[in-house]
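The structure under discussion appears below in the form of structure tokens.
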Amino acid sequence: MTAINEKALAALQRLREGNQRFVANIRSLDSMLSHTRRGELALAGQEPFAIILGCSDSRVPAESVFDQGLGDLFVIRVAGNVVAPSQIGSVEFAAERYDTRLVVVLGHSSCGAVLATIEALEQQATGHSRGLRSIVDRVRPSVASLMDAGIRGDKLVHDAVRANVRTSADQLRHGSALLEELILNDGMLVVGAEYDLESGRVEFFDGVPAQALTALV
């Protein structure tokens, strides 16, 4: 495997610094004034430095959480931050078209899709619509393995959120020939993270390379 792309490492640090500002209720001047670049972006196009696959939860807007502005992030949102062909295709598009080399799967505490999956497994619920079942079914393996191990309550929710993030990140790493090639030959980085609804902090916990650990302390 090739060394991690320097752009990916710099992008990871940029996201971390942006989240630190968000937690401290500080906004950078660039993000506040990014709307003034509307015309420039319309003419020149976008160059997002990171791809975020996050949950659709209204409390977790990636641009706010990472204190970024227009044109900075390529954001894909779906309930439960699950991976389906359309999500893989969206990541492939941004990686290939914009040369973006960092992908973050962003889950969050008390995720509704994870809670719905737990309820379905505990109560054998069958009343979900076809569309919602498709999301629950993608989250189900991460939850079921934890329940089989006897984990319940708040720990189950916490561990299931993280397990689901890891699953989605692995599916991106290994579910696309294009992304696999970029990871192996160009140092693309796919990491998993969790946003805490109460504190506002994002913890990067999956796939973070050793050379980035000191910067992320």
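Here are some notes:
- Note on the range 186-217: residues that are at pLDDT below 95 and not in a loop (DSSP other than H, G, I, E, B) total 4.
- Criterion (buried (at least 19 other Cβ atoms within 10 Å of the Cβ) and either modelled with pLDDT of 95 or more or over 24 Å from Ser58 (Cβ atoms) (or both)) met by exactly one of Ile183, Ile151: Ile183
- Residue check: Thr36 meets all listed conditions (1) modelled with pLDDT under 95; (2) among the β-branched types (Val, Ile, Thr); (3) surrounded by 15 or more Cβ atoms within 10 Å (Cβ to Cβ) but one, namely (3).
- Checked against (1) modelled with pLDDT of 95 or more; (2) farther than 26 Å from Leu197 by Cα; (3) not aromatic (Phe, Trp, Tyr), Thr126 passes all but condition (1).
- Lone unmet requirement of (1) on the phi > 0 side of the Ramachandran plot; (2) in a helix (DSSP H, G or I); (3) not aliphatic (A, V, I, L, M) for Pro141: (1)
- Restricting the range 186-203 to residues that are under 13 Å from the mean Cα position of the chain (by Cα) and farther than 20 Å from Asp57 by Cα, the residue that is surrounded by the most Cβ atoms within 10 Å (Cβ to Cβ): Val190
- Counted as qualifying within the range 1-79 are no helices (runs of 4 or more DSSP H), as none has 2 or more residues that are hydrophobic (A, V, I, L, M, F, W, C) and in contact with an Asp or Glu (Cβ under 7 Å, 6 or more places away or on another chain).
The values are calculated or read from the model by the stated rules, or taken from the named source; none is laboratory data. Quick caveat, the model's predicted, so the values are computed rather than measured. Because the Cβ atoms are built from the backbone with ideal geometry, glycine has one as well, and the counts that use them run over all protein chains shown.
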